[in-house]
1. Once fully extended, how much extra length lies between residue 149 and residue 93, figured as 0.36 nm per residue of separation less the alpha-carbon to alpha-carbon distance?
2. Kirkwood hydrodynamic radius (Cα pairs, Å) of the stretch 88-129?
3. Which net charge results for the neighbourhood of residue 120, defined as the other residues with beta-carbon distances under 15 angstrom from its beta-carbon, given Lys and Arg at +1 and Asp and Glu at -1?
4. Add +1 for every Lys or Arg and -1 for every Asp or Glu among the other residues with Cβ under 13 Å from the Cβ of residue 91, and state the total.
5. Local charge sum around residue 15 (other residues, Cβ-Cβ under 11 Å, Lys/Arg +1, Asp/Glu -1)?
6. Under the Karplus relation 6.51 cos²θ - 1.76 cosθ + 1.60, θ = phi - 60°, what is the ordered set of whole-Hz ³J(HN,Hα) values for the stretch 152-157, x standing for Gly and Pro?
7. For the stretch 103-117, in order, what is each residue's ³J(HN,Hα) by Karplus, 6.51 cos²θ - 1.76 cosθ + 1.60 with θ = phi - 60°, in whole Hz (x at glycine and Pro)?
8. Tell me, what ³J(HN,Hα) does each residue in the stretch 63-68 have, in order and in whole Hz, if you take phi through Karplus 6.51 cos²θ - 1.76 cosθ + 1.60 with θ = phi - 60° and put x for Gly and Pro?
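Nothing in this text is a laboratory measurement; each read-out follows from the coordinates by a stated rule. This structure is a prediction, so every number in the text was calculated from the model and none was measured. With ideal geometry, Cβ positions are generated from the backbone for all residues, glycine too; neighbour counts draw on all protein chains shown.
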Amino acid sequence: FSSEIMAVGFVGETKLAVACGSTIYIYDQRFAGIVTRAEAVQGTISQSTGSEIQGMSIRGDFIAYVDEDGHLSICDITDPETSTRFAGKHDALASCVCLHPEEAIVATGGIDQQVLVWDIASERIVDSFKVLAEDTEAKQLVNPPFVYALDFVPDETTV
């Protein structure tokens, strides 16, 4: 790989998705080589710009992924050209993403200390919240509350 591997996940029973740089590689574990390659962002950001995938979440044939510019995209691995970049973004690097296991929503988190909840159908942010209260009196945080991981509460839409 040309850069660090930022995320790995299983797709179905036989495939493995690996996010490296601005590309997601899909490996079929039954074969030795790469089966498919999906570009990180359709048309506007390529590997040459340096925008790297920071996290991904997989549900069925869909991969949701976030990049260092704060954007969320979703790709159908059966047709990698269908990668969709959502409107809106984090104020800084987006570090994690989680597709809801049943609902058509996805949550993203970032070093901007925000969690954004997106509606997949409209490709828009439907809810957001900061993980740090605005009225904090701390002038400097030793360990700022960046969002590194997300998950949904089972059978609910609570992040």
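1. Numbers: separation 56, 0.36 × 56 = 20.16 nm, distance 1.35 nm.
So the extension gain works out to 18.8 nm.
2. Details: mean 1/r = 0.0973 Å⁻¹.
Computed over the stretch 88-129, the radius equals 10.3 Å.
3. Working: positive: 59, 85, 124; negative: 61, 76, 102, 103, 119, 123, 127.
Residues near residue 120 contribute -4 overall.
4. On the way: positive: 89, 130; negative: 68, 69, 112.
After counting each charged neighbour, the total is -1.
5. Values: positive: 30; negative: 13, 28, 61.
The answer is -2.
6. So the J values, rounded to whole Hz, are 8, 5, x, 6, 9, 9.
7. Listing the rounded values in order: 7, 8, 9, 9, 10, 10, x, x, 7, 7, 6, 10, 10, 10, 10 Hz.
8. Working through the residues one at a time gives 10, 9, 9, 10, 10, 5 Hz.
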